[in-house]
Amino acid sequence: METQTKEGFFNPRRFGQIMLRDLAGGYRSILITMGAVAGGLILMAFLTAGGTSLTRSHSTDFYGGFYSQLLYWGGFIVTSLAFQEARRNGASLAYLMLPGSSFEKFLSKLLSTSVGYALGSLVFFTAASAVAEGVNHLVFGFGLGFFNPFTAEVWKGIGRYLILQSVFLAGSIWFQKIPFVKTSLSILVFAVACGTVVSIAAFGLFADHLGLHAPASSSLVINGNGWNFDLGAMLGRGSRAAEGLEVFRRVGQVLFYGVLAPAAWLATWFKLRETEA
Amino acid sequence: MIEIKDMSFGYKKKLFSELNLSLQPGNIYGLLGKNGAGKTTLLKLICGLRFPQGGQCSVLGFQPAHRPVHLLEQICFIAEEIHVPAISPDLYEKLYAPFYPRFDHEMFVGHLREFELDTTKRLTEMSYGQKKKFMVSFGLASRCRLVLLDEPTNGMDIPSKSQFRRLLARSLGEDKIILISTHQVRDMENLIDPIIVLDGGRIVFQQDMETASRRLTVTMEREEPADALWAEKTLGGWVAVRENTGSQESRIDLEVLFNTVINSTERVQALFGAPQGKETTHGNAN
């Protein structure tokens, strides 16, 4: 009878072949998408630079903003499509019968849509933005400022992407149809539910500090980024309630940075193992 | 090699209940059944694409529901609906052949040549029949020990069907099981043997053609026979199937055999014995 061997669970040569199949099998789609994004970027940069030459107003960090959109929205959409071949009639049969372990198939999709996509899009975007800048300099004699892929903001954004995309990866195997929309809706419902529970809990725990007795005049913060409530000020700095809030915040950070992604990866792997054609 | 014991499975309704089946290497089995009998589902259960809800299913010593790699690399399953990536045949071979340890490049090229396939086209540009021929060529060249084919001749033109039969007969080895699910019994005549008939969630017949020809006799008659196991009207009279009481083998075609089994299950089972030594739930009609 069968025995689960290490070699049967993970074999580097087989894993490499699965990754190659995942990437090379869709190379035409990848090239077409890259061409469309590069074309869109060059056109947008050209129009923005043209507008700047007329109005003399300067757009701040044009490329940084564009890259964030590409990283998050593009990455989430690509991730949502990762396991569609395992859920689509016809294609699922070929994918599930491919001689590779569930772990190898999962790891291949995870790496290609997380680190692979983040780094690939960064290199591609840096090159495409350099071309766009070159065009602007040629036509207008000035540009929008080269995209710098080595800033802390870019890498922080990639870090957050790696965490958030794990949820879309789970959604990709979980939802058979329109996984991107369904995952986004699930996140929204989850966020609303969490917000409601936390609000109710906060009112229960900190009722004395959130009423008319709170120092309201110093708790509303308005600055260049919009407005927000300074809960620390509301609860009174250094108070036990403020310390309690800090614990909530820390727990939230641990859940987001330490637990969310591994939990989503585990859920994805288990779901892939039990997927039927 | 394939042992199914008391396996149950269903979707909203129960499809199989206590299904038993044993398949041995060195045979090309034909799996026949009416629409919705569960032929494709049975193939999927055998290769781990569906999970049994009860009982046991063992394939080449593995439990297919776990989809272990060492089992997957020994199974070739070609479904009725073919899905192919938008790549060339050459790239397909480069990407997929390394997964099959016994893959034979020369054999693959030979099959493609025999099917007269244009290998310069991308797979998605091929017709349904061409895609099927490509997948059959690849599947047989992988030299898997278990080959599962679901309606393999659908979409193939007439010359391709005989080429297909030739390739399949040539690729059968002593360690290999080939299981073909089909409605196109005429395409498979003289190829599939033994025959398995699936009906009402059970295997109601599993015999080789030699035994079937020894136990049954087929005659052409002018009038509708009253004592036959099965009779069907044809041009110029009736084809009647009866128990063969003589010593001579009678040639029985698959379509007539299938109709006899489906329409006179109890009487046929009384004659041959119930498959896997299991009595049917119905009484004997005789």
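Among the residues of segment B:56-91, just one is more than 9 Å from chain A (Cβ to nearest Cβ), buried (at least 19 other Cβ atoms within 10 Å of the Cβ) and farther than 17 Å from B:Val147 by Cα, namely B:Pro89. Among the residues of segment B:5-36, those that are modelled with pLDDT under 95 and among the small types (Gly, Ala, Ser) comprise B:Ser17, B:Gly36. Just so you know, in segment A:104-115 the residues that are buried (at least 17 other Cβ atoms within 10 Å of the Cβ) and either farther than 23 Å from A:Ser184 by Cβ or of a type in the set (Val, Ile, Thr) (or both) include one that is farthest from the other protein chains (Cβ to nearest Cβ), and it is A:Thr113. The number of residues in segment A:117-148 that are within 17 Å of the chain's Cα centre (by Cα), farther than 21 Å from A:Leu260 by Cβ and touching a residue at least 40 places away in the same chain (Cβ under 8 Å) comes to 3. Considering segment A:130-156 alone, what residues qualify as being surrounded by 17 or more Cβ atoms within 10 Å (Cβ to Cβ) and assigned to a helix (DSSP H, G or I)? Matches in segment A:130-156: A:Ala132, A:Glu133, A:Asn136, A:Val154. When A:Thr3, A:Thr60 are screened for being outside any helix (DSSP H, G or I), within 14 Å of chain B (Cβ to nearest Cβ) and modelled with pLDDT under 90, only A:Thr3 passes. Only one of the numbered conditions (1) assigned to a helix (DSSP H, G or I); (2) modelled with pLDDT of 95 or more; (3) within 28 Å of B:Gly36 (Cα to Cα) is violated by B:Val197, and that is (1). Cβ-Cβ below 9 Å, separation at least six or inter-chain, first residue in segment B:118-146 and farther than 25 Å from B:Cys47 by Cα, second of a type in the set (Ser, Thr, Tyr) and outside any strand (DSSP E or B): which pairs? The qualifying pairs are B:Thr119/B:Ser88; B:Thr120/B:Ser88; B:Lys121/B:Ser88; B:Arg122/B:Ser88. For segment B:20-38, filtering for residues that are closer than 23 Å to B:Pro68 by Cα and surrounded by 21 or more Cβ atoms within 10 Å (Cβ to Cβ) leaves 1. Report yes if some residue within segment A:45-61 is under 25 Å from the mean Cα position of the chain (by Cα) and within 21 Å of B:Cys76 (Cα to Cα); otherwise report no. The answer is no, given that none of the residues of segment A:45-61 is under 25 Å from the mean Cα position of the chain (by Cα) and within 21 Å of B:Cys76 (Cα to Cα).
Tell me, yes or no, whether segment B:40-54 has at least one residue that is free of Cβ contacts under 8 Å to residues at least 40 places away in the same chain, closer than 26 Å to B:Leu112 by Cα and surrounded by fewer than 20 Cβ atoms within 10 Å (Cβ to Cβ). Checking segment B:40-54: not a single residue is free of Cβ contacts under 8 Å to residues at least 40 places away in the same chain, closer than 26 Å to B:Leu112 by Cα and surrounded by fewer than 20 Cβ atoms within 10 Å (Cβ to Cβ). Of all residues assigned to segment B:172-179, none qualifies as being surrounded by fewer than 20 Cβ atoms within 10 Å (Cβ to Cβ), in a helix (DSSP H, G or I), at pLDDT below 95 and over 15 Å from the mean Cα position of the chain (by Cα). Filter segment B:216-233 for residues that are surrounded by fewer than 18 Cβ atoms within 10 Å (Cβ to Cβ) and outside any strand (DSSP E or B) and give the result. Listed by number, the residues that qualify are B:Arg222, B:Glu223, B:Glu224, B:Pro225, B:Ala226, B:Asp227.
I'd like to check something: does segment B:150-158 contain any residue that is farther than 21 Å from B:Gly30 by Cβ, touching a residue at least 12 places away in the same chain (Cβ under 8 Å) and hydrophobic (A, V, I, L, M, F, W, C)? Before the answer, list the steps.
Taking segment B:150-158 and keeping what is farther than 21 Å from B:Gly30 by Cβ, we get B:157.
From what's left, touching a residue at least 12 places away in the same chain (Cβ under 8 Å): B:157.
Within this subset, residues satisfying the condition of being hydrophobic (A, V, I, L, M, F, W, C) are none.
No, because not a single residue in segment B:150-158 is farther than 21 Å from B:Gly30 by Cβ, touching a residue at least 12 places away in the same chain (Cβ under 8 Å) and hydrophobic (A, V, I, L, M, F, W, C).
A residue that is more than 10 Å from chain A (Cβ to nearest Cβ), over 22 Å from A:Pro99 (Cβ atoms) and part of a loop (DSSP other than H, G, I, E, B) occurs somewhere in segment B:123-144. Within segment A:6-25, residues that are facing chain B (nearest Cβ under 9 Å) have Cβ atoms under 6 Å from residues that are part of a helix (DSSP H, G or I) and small (Gly, Ala, Ser) in these pairs: A:Ile18/A:Ser108, counting only partners at least 6 apart in sequence or on another chain. Would you check which residues across segment A:70-102 are in a helix (DSSP H, G or I), at the interface with another protein chain (Cβ under 9 Å from one of its Cβ atoms) and small (Gly, Ala, Ser) and list them? If the condition is that a residue be in a helix (DSSP H, G or I), at the interface with another protein chain (Cβ under 9 Å from one of its Cβ atoms) and small (Gly, Ala, Ser), then A:Ala91, A:Ser92, A:Ala94, A:Ser102 are the ones that fit. Scanning segment B:100-122 for residues that are more than 25 Å from the chain's Cα centre (by Cα) and either part of a helix (DSSP H, G or I) or within 15 Å of B:Ser171 (Cβ to Cβ) (or both) gives B:His105, B:Glu106, B:Val109, B:Arg113. Taking the conditions exactly as written (surrounded by 11 or more Cβ atoms within 10 Å (Cβ to Cβ) and at pLDDT 85 or above), does A:Phe206 satisfy them or not? Considered against the rule, which asks whether it is surrounded by 11 or more Cβ atoms within 10 Å (Cβ to Cβ) and at pLDDT 85 or above, A:Phe206 comes out as no.
The set of residues in segment B:97-109 being free of Cβ contacts under 8 Å to residues at least 24 places away in the same chain and more than 8 Å from chain A (Cβ to nearest Cβ) consists of B:Glu106, B:Val109.
Can you name every residue in segment B:1-25 that is assigned to a loop (DSSP other than H, G, I, E, B) and touching a strand residue (DSSP E or B) at 6+ places or on another chain (Cβ under 8 Å)? If you could, list the steps in order and put the result at the bottom.
Here is the first cut: in segment B:1-25, the ones assigned to a loop (DSSP other than H, G, I, E, B) are B:1, B:11-13, B:24-25.
Scanning segment B:1-25 gives B:Met1, B:Gln24, B:Pro25.
Can you tell me how many residues within segment A:36-47 are surrounded by fewer than 17 Cβ atoms within 10 Å (Cβ to Cβ) and farther than 18 Å from A:Leu81 by Cβ?
Restricting attention to segment A:36-47, the residues satisfying the condition of being surrounded by fewer than 17 Cβ atoms within 10 Å (Cβ to Cβ) are A:36, A:39-40, A:43-44, A:46-47.
Okay, now just the ones that are also farther than 18 Å from A:Leu81 by Cβ, so A:39-40, A:43-44, A:46-47.
The total comes to 6.
Mind counting the residues in segment B:26-68 that are hydrophobic (A, V, I, L, M, F, W, C), assigned to a strand (DSSP E or B) and within 15 Å of the chain's Cα centre (by Cα)? Show your work before the answer.
Looking only at segment B:26-68, we keep the residues that are hydrophobic (A, V, I, L, M, F, W, C), and these are B:28, B:31-32, B:37, B:42-43, B:45-47, B:49, B:51, B:57, B:59-60, B:62, B:65.
Now narrow it down to the ones that are assigned to a strand (DSSP E or B): B:28, B:31-32, B:57, B:59, B:62.
Narrowing further to those that are within 15 Å of the chain's Cα centre (by Cα): B:28, B:31-32.
Looking only at that region, the number is 3.
Residues to consider are B:Lys94, B:Lys44, B:Lys39; find the one that is over 30 Å from A:Ile30 (Cα atoms), facing chain A (nearest Cβ under 9 Å) and basic (Lys, Arg). The unique qualifying residue is B:Lys44.
The values are calculated or read from the model by the stated rules, or taken from the named source; none is laboratory data. All figures in this text were calculated on a predicted structure; none of them were measured in a lab. Glycine gets a Cβ as well: all are built from the backbone with ideal geometry, and neighbour counts include every protein chain shown.
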